[in-house]
Amino acid sequence: MEPTKFFAKRRFLKIALLGVGSTVVAAAGGVGYLTLTNRFRSRYGTLLVLDGHLADVVHALAEACVPTATGFPTVEQAEVVTRMDEELYFVSEGISGDLKAALYLLEMLPMTYGHLSRLSRLSVDERRELLTRASGTKDDTVRAVIANLSGLMRWYYFGHPSTWNAIGYDGPFMNLPEKRSEQRVLYARLVGKSAD
């Protein structure tokens, strides 16, 4: 056997094994990295649309978008995640899919800014700094996702009665009690909560 053919085969086998091994390690690492979820999910009970990881992303984004000063309720107390899940349950699959894609884009955005972590794993201050920094990008999609999802988080947060004292709002005109829509009653029944 000629030495050059032997070394060529040996080199090919070495590169092939390294390539296969690297692919297996990368795939296992990627799956492990993406499945480290449910940091906040267990706090919300039954959710119909937001799986464990998306509940984490919505919670983390909401924490970065709403006030944390004394007197303001937490994201959990204002039921931001459950309210978003409720709304997503009743929209078309196209809208729901687009919102999920936008949430995943935000979740992975820190990696493009030098962080070795996902959005839901950063501290609240790091998330705020990242969102502020990324809002100035020339990429229209990223700017639109940040602006719209941040606005949505604030909409759900400040729409909850637990926030009204903190902002000096005394409630709806004439203080009439809320009349829940059939949609909200159905969602409450589906997740096993009282429809009151």
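Criterion applied to ARG154, ARG128, ARG180, ARG189 was being basic (Lys, Arg), free of Cβ contacts under 8 Å to residues at least 24 places away in the same chain and assigned to a helix (DSSP H, G or I), and the one residue passing it is ARG189. Within the set TYR89, TYR104, the sole residue that is closer than 30 Å to SER194 by Cβ and open to solvent by 60 Å² or more (accessible area, probe 1.4 Å) turns out to be TYR89. Within segment 77-84, is even one residue in contact with a Leu (Cβ under 6 Å, 6 or more places away or on another chain), modelled with pLDDT under 95 and in a helix (DSSP H, G or I)? Within segment 77-84, none of the residues are in contact with a Leu (Cβ under 6 Å, 6 or more places away or on another chain), modelled with pLDDT under 95 and in a helix (DSSP H, G or I). Checking each residue in segment 155-196 for being open to solvent by 100 Å² or more (accessible area, probe 1.4 Å), over 23 Å from CYS65 (Cβ atoms) and among the hydrophobic types (A, V, I, L, M, F, W, C) picks out PHE173, MET174, LEU176. Mind counting the residues in segment 162-177 that are more than 15 Å from VAL75 (Cβ to Cβ), assigned to a helix (DSSP H, G or I) and modelled with pLDDT of 90 or more? Of the residues in segment 162-177, 3 are more than 15 Å from VAL75 (Cβ to Cβ), assigned to a helix (DSSP H, G or I) and modelled with pLDDT of 90 or more.
The residues of segment 111-125 that are part of a loop (DSSP other than H, G, I, E, B) and of a type in the set (Ser, Thr, Tyr), listed by number, are SER117, SER123. Among the criteria (1) at pLDDT below 95; (2) surrounded by fewer than 20 Cβ atoms within 10 Å (Cβ to Cβ), the one ALA55 does not fulfil is (2).
The C-beta contact set for segment 66-79 (first residue open to solvent by 40 Å² or more (accessible area, probe 1.4 Å), second residue not β-branched (Val, Ile, Thr) and not in a loop (DSSP other than H, G, I, E, B), distance under 6 angstrom, 6+ apart or interchain) comprises GLY71/ALA166; PHE72/ALA166; GLU76/ARG43; GLN77/SER162.
Which condition from (1) over 20 Å from HIS53 (Cβ atoms); (2) open to solvent by 70 Å² or more (accessible area, probe 1.4 Å); (3) not aromatic (Phe, Trp, Tyr) is the one that GLU126 breaks? It is condition (1) that GLU126 fails.
The values are calculated or read from the model by the stated rules, or taken from the named source; none is laboratory data. These numbers come from a predicted model, not from an experiment. Cβ sites come from the backbone with ideal geometry, for glycine too, and all protein chains shown count toward neighbours. Calculation scope for accessible area: heavy atoms of the full protein, side chains included, ligands and nucleic acids excluded. Shrake-Rupley method; radii C 1.70, N 1.55, O 1.52, S 1.80 Å.
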